[in-house]
Structure formats: structure tokens, C-alpha cells
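Report on the structure given below.
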There are 2 protein chains.
Amino acid sequence: MKSTASTSEKILDIAQSLIVAGGYNGFSYADISAAIGIRKASIHHHFPAKAELVAVLVDRYTRQAQAGLQSLREQAASPADQLQFYIDYWRSCIENASQPFCVCAMLASEMQMLPDEVASRVRAHFQGLAAWLTSVLQAGVEQGLFRLDKRPEEQAQMLMASVHGAMLSARALGDPGLFIAVVGPEIAMLRAA
Amino acid sequence: MKSTASTSEKILDIAQSLIVAGGYNGFSYADISAAIGIRKASIHHHFPAKAELVAVLVDRYTRQAQAGLQSLREQAASPADQLQFYIDYWRSCIENASQPFCVCAMLASEMQMLPDEVASRVRAHFQGLAAWLTSVLQAGVEQGLFRLDKRPEEQAQMLMASVHGAMLSARALGDPGLFIAVVGPEIAMLRAA
DNA sequence: CACTGCCTTCCTACTAGTAGGTAGACAAAA
DNA sequence: TTTTGTCTACCTACTAGTAGGAAGGCAGTG
């Protein structure tokens, strides 16, 4: 089962796991170099500048996320299920301590000192996610599954903040159960009585 | 209105605002040096190592926070008010965009790569805060003000995660209103009907 | 077929600048 | 006089980034 990923993809994979662990300033080209056995200069060949590397990385991440959300909307029967699958995805990531922690949740906390080209992409990711959540909530309301206190856009923002906040808290305190303890009641409240 | 703070305190003040903006790896002795007009070496006189500086900083922050929470418990009449004042403190900080963003919320997201002496202190801060929240919730239950779904310890952890998560989200998305939108319903739910 | 030239990928070797940290001199205060 | 705080001057390790070349694949051309 050899790795068939291209070098650029391997670089992005390693960079992503390093960012998830330590943020934008928490890794260097030397770290990537050591991790995949390639010289620093070769990384610069693929990604001339660090900001560009991370920008491409966030683009890739957003693309994957959007594809996942899209297929979720096509496969899951009801808006309630779609929302539940979304939450469950992160819950299992956190419980298994599997790396795919949300790279944008991490970068978001460093927003203030991110290069513009990165910061704008992180914001774009959140916009895309909020749009998906909004449409799911909207559909749920129309089908009589959800009952919202506020406008779907606002409710989507709140849900997103809860999910990412809970994700950070659960990891920081080393208590995976915290994620579902925070997010669970939040989505339970959306359900129509 | 001259500053009467000692050099060490000025160093800690600047360091704190720098950490809040960019995290542990987001600032250097040179940054502090430039900000308060003192040489790098002089900072090393006060704080030999960076990890030590931040450890002292977190200690100071925790001490201040505990003092604030203590006086809150003495002054505010009911547990419900105490909780409300706590939330309001952060809400006003975020809405005024005044710097006193929680330095531990920031450091928590970098937990994995913090020096041990810093990480343990950040955890200690959260433990202390959780203890305060637990006792407030407990008192509220005894006075018939709150009705909790879970044990007070758990509920306190959840509340803490929500507050810090909402804080990070509100700042990242540049939407201060998000803080109260996320935290508000959370505490409303605690209230006995 | 061989030859040429281009392109991709990776390399060694380097740069300028910054990181955290140290040694020792000096002045003022205790 | 010892202590405290600051300085200049320096160190080593590491940062992102560059220059230039070697090796191989892959056209197209004779």
C-alpha cells in the first residue's frame, strides 16, 4: 500500500497536520523537510512562499469540505440527518484523536496576524460553511423539522461558533466528551417540539 | 497621568497584548523591546527565558481573574447575578474591542506545543475557573434559581467551553454580537422555569 | 534511431534576517 | 559595597527565501 500522493500533496498533508498542532507560526519549512525527507529548497520549488503554501492548503481544505457537505446534502434524507452527520463527523474525529481537526478553527484564532491571502481564505471557508448550514436549517424549517428562534443565517453562525469553539475547548482540556456536551444541547434546541 | 508600572509589569502587559494578538509563537523579545523602548537583553534580565515570562504572565492573569471572581461572589447578590456579571464582563470586552481578550483562551488553542510550564498553568487557570463556575451553579441550584440537566461540574465545563469558544469565534469572524448570541441561550437554559 | 532542447524535480550551497539567550561594563540606588 | 537595572556587543540556531546546477522524462526534428 505505497503512497501514491504527489510531492506537493505530501507537503500540504504534513503542513496541515503541523498547523493543526501549532498554528501558522508553529511550523517551518525545515519541519516539513524533515517529515517527508526532502530538502527545504525543494519545498520552495513547489510553494515559493510560506503564505502561498498555506493559502493553497486552505483552498484545498475548503474544496474538500464543500465536496463533503455537498454529498452529505445529496445522501442524507432529511435536514435533521444532514446536521447530525455533520456533527457526528467532528465528534468521531475528536474522539478518535484522529488528526483531521479543523485547520480553519486553528487558523481562526490567529486571524489577527495571518497574511492577508490566508486570512481572507479562512474567512471564505467560514462563509461557505455558514451558507451550507443556513440552507440546511432553512430546509428543516420548511419541512417542519426545526423551530428557530432567530433568522436561519444567524442561527447558522451561532451553530458554527459553537462547533468550532467546542472543538478547541475539547482539545485544550483533553476531554473529547466536551464537544458533544456543548454542541448536543445546541442542536437539540433546534428541533421542533 | 504617567505610567507608574514597574518595568517587569510593563513587559508583562505588552507580552500579554502580543499573545492575545498572535499566540505564543507570534511574538518575540524584539517585539517587546521595540514596544517599550528597552533592549532585548534587559528583558532577559527580568525574565531569563521566554517560557518563564509567559508562565509568570499566566500566573498573574490567573491571580487577577481569581481576585475578580472572588469579589464578584462577595458583591453580587444571587448566583444568577454573579453568572450574568461574568458573562457581561467578557461581552463588554469584546464589544469595545478592548484588548483584555482572555489570554488563556488564546494559549489553549496552542496547548499542544506550549512549553510544559506554560501548558500546566493554562490548565490550572481553567481548573480554577471551572471550580468557581461549579460553585456558583451549585449555589444557584440550592437556592432554586437554576435547574441543571447534568452535574454542576459538567455544566460548568460546558459553560466555560461555550464562553471561550464564542470568544474566539466572535473575534475571528469580526462579529462581537456572536458572543452573546452563542452564550446567551446557554445561560438562559440554566434558569429555572 | 540519435540528437537537441525544454521542463520538472530535486539537490547543494548560500543569503539576509530573526529567534532566544549570554557576557561583561557601567551607573545609580540601597 | 553590594544589588539592581540597563546597556553594548556578541553568540548560536534557526527563519524564509535564492542561485545555480544535476538528473531524468519527454517532446520534436534530422
Average partner coverage of B:14-22, which counts Cβ from other chains inside 10 Å: 2
Ascending list, in nanometres, of distances separating the B:S92 label from those of the other copies (7 Å, Cα toward Cβ): 4.7
Contact order normalised by residue count of the range B:108-193, Cα under 8 Å, 6+ apart, percent: 25
Cross-link pairs A:K40/B:K50; A:K50/A:K150; A:K10/B:K40; A:K50/B:K40 - those with Cα-Cα distance over 31 Å: A:K50/A:K150; A:K10/B:K40
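Would you work out the relative contact order for the range A:1-124, in percent, from Cα pairs under 8 angstrom that are 6 or more residues apart?
RCO, the range A:1-124: 32 percent.
May I ask for the accessible area buried between chains B and A, both sides summed, probe 1.4 Å, to the nearest 100 Å²?
It comes to approximately 2600 Å² buried between B and A.
Please report, as a whole percent, how much of the solvent-accessible surface of the range B:72-193 comes from carbon and sulfur atoms (probe radius 1.4 Å).
So the carbon and sulfur contribution to the accessible surface is 50 percent.
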FRET efficiency estimate (nearest 0.05) - Cβ-Cβ, B:A124 to B:A5, R0 41 angstrom: 0.95
Set of the range A:149-193 residues, backbone N closer than 17 Å to the point 7 Å along the Cα-Cβ line of A:S78: A:187-193
For A:W132, solvent-accessible area (1.4 Å; no DNA, RNA or ligand), Å²: 10
Segment A:E153-A:N96, extension gain: residue separation times 0.36 nm, minus the distance between their alpha carbons: 17.4 nm
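With every protein chain present, what is the per residue accessible area of chain B (1.4 Å probe, Å²)?
46
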Residue-averaged beta-carbon neighbours from other chains (10 angstrom radius) around B:105-114: 6
Selected from A:H46, A:H164, A:H125 as most flexible by GNM, with chain A as the system and alpha-carbon contacts under 10 Å: A:H46
Cα→Cβ-extended label distance, 7 Å offset, between B:Q64 and A:Q70, nm: 4.8
Nonlocal amide H pairs with A:F146, under 5 Å, H built at 1.01 Å: A:V141, A:A192
Using a 7 Å Cα-to-Cβ projection, A:G177 label spacings across copies, nm, ascending: 3.7
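The values are calculated or read from the model by the stated rules, or taken from the named source; none is laboratory data. Keep in mind that this is a model prediction, so the values were computed, not measured. Quick reminder, even Gly has a Cβ in these numbers, built from the backbone with ideal geometry, and neighbours come from all protein chains shown. With ligands, DNA and RNA removed, areas are computed over all heavy atoms of the protein, side chains included. Shrake-Rupley method; radii C 1.70, N 1.55, O 1.52, S 1.80 Å.
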